[in-house]
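Here's the structure, in structure tokens; my notes come after.
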Amino acid sequence: MPVLRSPQVILFSENVERAVRFYLDLGFAETFRVPAEGDPIHVDLVLDGYRIGIASAASTRDDHGLDPIAEGQRVAVVLWTDDVPAAYAALTASGAPALAAPHEWLGRLLIAWTADPDGNPVQLVQNR
């Protein structure tokens, strides 16, 4: 097996720009966009060394012959923070759905759940 490197998760979306705006608002920075101008079919974002991509479901079907699912709870994005209640309040106030209010888990973590515009759960977590 050749050496593999630079893992990344790709989220499929019917509205790439909307999904990108959501993650930019969370502090991600854009690192790659295709095409450079106009409606994007793929955008890469990074936060604290973690990369995610947002890919157009239609382009993925047309260009690669895959059958992506572009909405629902397919994958969770986990974001650590020092203040889960404040992050949860800010996200839900900005329109992100409230999936699970902050609650203790395993006796040592505080966790809350919301979702991105395509329905992917976003877990907010902090050590207690």
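The values are calculated or read from the model by the stated rules, or taken from the named source; none is laboratory data. The structure presented is a predicted model; accordingly, all values stated were derived computationally and were not measured. Positions of Cβ are backbone-derived with ideal geometry, glycine not excepted, and every protein chain shown enters the neighbour counts. All accessible areas refer to the heavy atoms of the entire protein, side chains included, with ligands and DNA or RNA removed. Shrake-Rupley method; radii C 1.70, N 1.55, O 1.52, S 1.80 Å.
Seen against the Cα atoms of the chain and their longest principal axis, helix 16-25 is set at about 40 degrees. What the chain shows is 59 Å² of accessible area per residue, with the surface traced by a 1.4 Å probe over protein heavy atoms.
Each of the peptides 70-77, 115-122 was scored by the mean count of other Cβ atoms within 10 Å over its residues; in descending order, highest first, they stand as 115-122, 70-77. In the elastic network of the chain, a GNM with C-alpha springs shorter than 10 Å, the most mobile of 64, 42, 103 is 64. The alpha carbons of the chain occupy a box of 46, 39, 25 Å along the principal axes, longest dimension given first.
Would you be so kind as to identify which of 38, 96, 123 lies farthest towards the positive end of the dipole of the chain, taking Lys and Arg as +1 and Asp and Glu as -1 on Cβ and the Cα centre as origin? Final value for the positive-end residue is 123. When +1 charges are put on Lys and Arg Cβ atoms and -1 charges on Asp and Glu Cβ atoms, the dipole computed for the chain relative to its Cα centre reaches about 440 debye. Each peptide among 48-57, 1-10, 87-96 gets the average number of other Cβ atoms lying within 10 Å of its residues, and from highest to lowest they stand as 48-57, 87-96, 1-10.
Between the Cα long axis of helix 84-93 and the first principal axis of the chain there is an angle of about 60°, rounded to the nearest 10. Which value in deg cm²/dmol, rounded to the nearest 500, describes the helix-derived mean residue ellipticity at 222 nm for the chain, given -39,500 (n - 2.57) per DSSP H run of n ≥ 4 and division by the residue count? Using -39500 (n - 2.57) per qualifying helix, the result is -6500 deg cm²/dmol.
Take every pair of alpha-carbon atoms less than 8 Å apart whose residues are at least six positions apart; their mean separation over the length of segment 43-128 yields a relative contact order of 27 percent.
When a/c is below 1.5 the answer is rounded, else prolate if a/b is larger than b/c, else oblate, so apply that to segment 1-69 with a ≥ b ≥ c taken from the square roots of the Cα gyration tensor eigenvalues. Oblate, since a/c reaches 1.5 and b/c is not below a/b. Sparse packing (at most 12 other Cβ atoms within 10 Å of the Cβ) combined with a DSSP loop state is found for the following GluC sites (Glu not before Pro) in segment 9-45: 37.
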